[in-house]
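Q: Just dropping this structure here.
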Amino acid sequence: MLMDPLVARMRPFGTTIFAEMSALATRTGSVNLGQGFPDTDGPPEMLEAAVRAIRDGRNQYPPGPGIPELRAAIATHQREFWNLDYDPDGEVLVTAGATEAIAAAVLALCEPDDEVVCFEPYYDSYAASIALAGAVRRPVTLRPGPAGDYEFDPDELRAAFGPRTRMVLLNSPHNPTGKVFTADELTLIASLCVEHDVVAVTDEVYEHLVFDGAHIPVAGLPGMRDRTVQISSAGKTFSCTGWKVGWACGPAPLISAVTRVKQFLTYVNAGPQQPAVAVALGLPRSYYEGFRDSLRGKRDRLCAGLADAGFEVLHSAGTYFVTADITPLGGTDGVEFCRSLPERCGVVAVPTQVFYDSVDAGRHLIRFAFCKRDEVLDEAVARLRKLSAG
Ligand code: PMP
Ligand code: GLN
């Protein structure tokens, strides 16, 4: 009998922190500001289109790269928002969420022992995808600067590149910190990719959730269009995280490589949701602006409440998330703090130290999701106030 049948390269990975914390919230009846999913539905036009598609019998395998109308809608969206041109036939691939696009890109493009430069804290599936490929992660640490924004040391980034670097895996707007990488930072990252002839895989699932500053797709920077796989997902933009409709865009040789792997992971998914996401992508700009403004209001609401409850709140410029320092409340370890939070006051948050290799850099930081109804945020804050009340 095997002690642990799991392959060695996956043994460092337990249950994801999101599943653990959502289960804890359910078990304890806590307000769940852990896992990032909205508690309201996305645009009704999109939901109706999915119902229609099911009734119209669009329930069998869609084509491998995704249905043509969705690929066309993705290409149009890329052009209209980011001035990026992709051919829907060959440069656009529909995937089972951004998660599959990331996994397929890493598995398709990295040989064993190749190095992948990423920023920590990193989204948990990055580390797992890199491990599955037998590649090696080279994280560069984001640290809170004097103004409460996360920053990295450019020399640390330069030093992370070497002869084995194959890929940069970049997430902006960034989960869990809420950082939106600046033009200067992205220009440096792009110039290192060009200098070292490295592929960029950019996770832009929060592309429409920037509250301060602007989203800059790396693919649009000099020398990057033909070395970048740009990834996004309907889950965040249209509040349908359970649909798992994502996509990857890039030059044909890279997308063809990613497709070769993707076809053996899920082959295809979300037949009836694909036409619905095509409808959603065609919504007027007012939809995107209204969604962003609503989330900005929620960010402000939760941040004010967290500060009031005694946390030191870091700056979130985008995404669904804000991080906070637990030190002023006597916390020293985010994992312990988050595990005891339901019992202490009935709220769930996520410790961000689990997203670092340099655990000490994130030990005192936790993440709250603000993609929730205002009354849910208010209830969470009312409960969290008990922490400083004694
Ligand atoms: N990347 C980041 C940064 C995320 O926060 C998430 C969670 N939605 C994903 C990827 C996964 O996206 P999807 O649900 O579309 O697979
Ligand atoms: N992206 C979501 C978050 O960061 C969680 C997705 C998941 O549970 N894998 O909270």
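Q: Please find, within the range 335-365, the residue that is surrounded by the fewest Cβ atoms within 10 Å (Cβ to Cβ) out of those that are among the aliphatic types (A, V, I, L, M) and more than 16 Å from ligand 1 (Cβ to nearest atom).
A: Val359
Q: Just give me the residues in the range 302-336 being within 16 Å of ligand 2 (Cβ to nearest atom) and aromatic (Phe, Trp, Tyr), in sequence order.
A: Scanning the range 302-336 gives Tyr320, Phe321.
Q: When the residues of the range 354-374 are filtered to those that are in contact (Cβ under 8 Å) with a residue 40 or more places away in the chain and part of a helix (DSSP H, G or I), which remaining residue is nearest to the chain's Cα centre (by Cα)?
A: So, considering only residues that are in contact (Cβ under 8 Å) with a residue 40 or more places away in the chain and part of a helix (DSSP H, G or I), the one nearest to the chain's Cα centre (by Cα) is Phe355.
Q: Any residue that is in contact with a Phe, Trp or Tyr (Cβ under 9 Å, 6 or more places away or on another chain), within 16 Å of ligand 2 (Cβ to nearest atom), closer than 30 Å to Ala349 by Cβ and not hydroxyl-bearing (Ser, Thr, Tyr) - is there at least one of those in the range 144-157?
A: no
Q: Restricting to the range 214-242, and then to whatever is more than 9 Å from ligand 1 (Cβ to nearest atom) and under 21 Å from Ala280 (Cβ atoms), can you tell me which residue is surrounded by the fewest Cβ atoms within 10 Å (Cβ to Cβ)?
A: For the range 214-242, the residue satisfying everything is His215.
Q: Can you name the condition, by its number, that Ala190 falls short on among (1) out of contact with any Gly (no Cβ under 7 Å at 6 or more places or on another chain); (2) away from ligand 2 (no atom under 16 Å from the Cβ); (3) closer than 26 Å to Pro253 by Cβ?
A: Condition not satisfied by Ala190: (1).
Q: Here's a follow-up. Consider the range 40-71. How many of its residues are charged (D, E, K, R) and in a helix (DSSP H, G or I)?
A: Residues in the range 40-71 being charged (D, E, K, R) and in a helix (DSSP H, G or I): 6 in total.
Q: Quick one: which of Leu377, Leu306, Leu387, Leu302 is farther than 20 Å from Gly178 by Cα and either crowded, with 16+ Cβ neighbours inside 10 Å or under 24 Å from the mean Cα position of the chain (by Cα) (or both)?
A: Exactly one residue qualifies, and that residue is Leu387.
Q: Go through the range 122-143 residue by residue and tally those that are within 16 Å of ligand 2 (Cβ to nearest atom) and farther than 20 Å from Thr15 by Cα.
A: Summing the residues that are within 16 Å of ligand 2 (Cβ to nearest atom) and farther than 20 Å from Thr15 by Cα in the range 122-143 gives 1.
Q: Can you pull out every residue in the range 5-31 that is within 15 Å of ligand 1 (Cβ to nearest atom) and either in a helix (DSSP H, G or I) or at pLDDT 95 or above (or both)?
A: Listed by number, the residues that qualify are Ile17, Phe18, Ala19, Met21, Ser22.
Q: Has the range 72-80 got at least one residue that is hydroxyl-bearing (Ser, Thr, Tyr) and part of a helix (DSSP H, G or I)?
A: yes
Q: Return the pair list, or none, for Cβ contacts closer than 9 Å from residues in the range 222-246 that are without any contact (Cβ under 8 Å) to a residue 24 or more places away in the chain and closer than 30 Å to Asp197 by Cβ to residues that are more than 13 Å from ligand 2 (Cβ to nearest atom) and part of a loop (DSSP other than H, G, I, E, B), at least 6 apart or on different chains.
A: none
Q: Being free of Cβ contacts under 8 Å to residues at least 40 places away in the same chain, touching a strand residue (DSSP E or B) at 6+ places or on another chain (Cβ under 9 Å) and buried (at least 17 other Cβ atoms within 10 Å of the Cβ) is true for just one of Leu254, Leu209, Leu186. Which residue is that?
A: Testing whether each residue is free of Cβ contacts under 8 Å to residues at least 40 places away in the same chain, touching a strand residue (DSSP E or B) at 6+ places or on another chain (Cβ under 9 Å) and buried (at least 17 other Cβ atoms within 10 Å of the Cβ) leaves just Leu186.
Q: Oh, and also: Every residue in the range 5-54 that is of a type in the set (Gly, Ala, Ser), surrounded by 14 or more Cβ atoms within 10 Å (Cβ to Cβ) and in contact (Cβ under 8 Å) with a residue 40 or more places away in the chain, please.
A: Correct list: Ser22, Ala25, Ser30, Gly34, Gly36, Gly42, Ala49, Ala50, Ala53.
Q: Can I ask one more? Mind counting the residues in the range 29-62 that are in contact with a strand residue (DSSP E or B) (Cβ under 8 Å, 6 or more places away or on another chain) and either of a type in the set (Val, Ile, Thr) or more than 16 Å from ligand 2 (Cβ to nearest atom) (or both)?
A: Summing the residues that are in contact with a strand residue (DSSP E or B) (Cβ under 8 Å, 6 or more places away or on another chain) and either of a type in the set (Val, Ile, Thr) or more than 16 Å from ligand 2 (Cβ to nearest atom) (or both) in the range 29-62 gives 2.
Q: Quickly run through the range 145-160 and pick out the residues that are touching a residue at least 24 places away in the same chain (Cβ under 8 Å) and surrounded by fewer than 18 Cβ atoms within 10 Å (Cβ to Cβ).
A: Selection gives Ala147, Gly148, Pro154, Arg158.
Q: Does Glu289 fit the bill of being among the acidic types (Asp, Glu) and under 28 Å from Ala101 (Cβ atoms)?
A: In short, yes.
Q: Which fully enclosed helices (runs of 4 or more DSSP H) of the range 120-213 have 1 or more residues being within 13 Å of ligand 1 (Cβ to nearest atom) and of a type outside the set (Lys, Arg)?
A: 124-132
The values are calculated or read from the model by the stated rules, or taken from the named source; none is laboratory data. If you're wondering where the values come from, they're calculated on a predicted model, not measured in any experiment. So basically every Cβ, Gly included, is an ideal-geometry build from the backbone, and we count neighbours across all protein chains shown.
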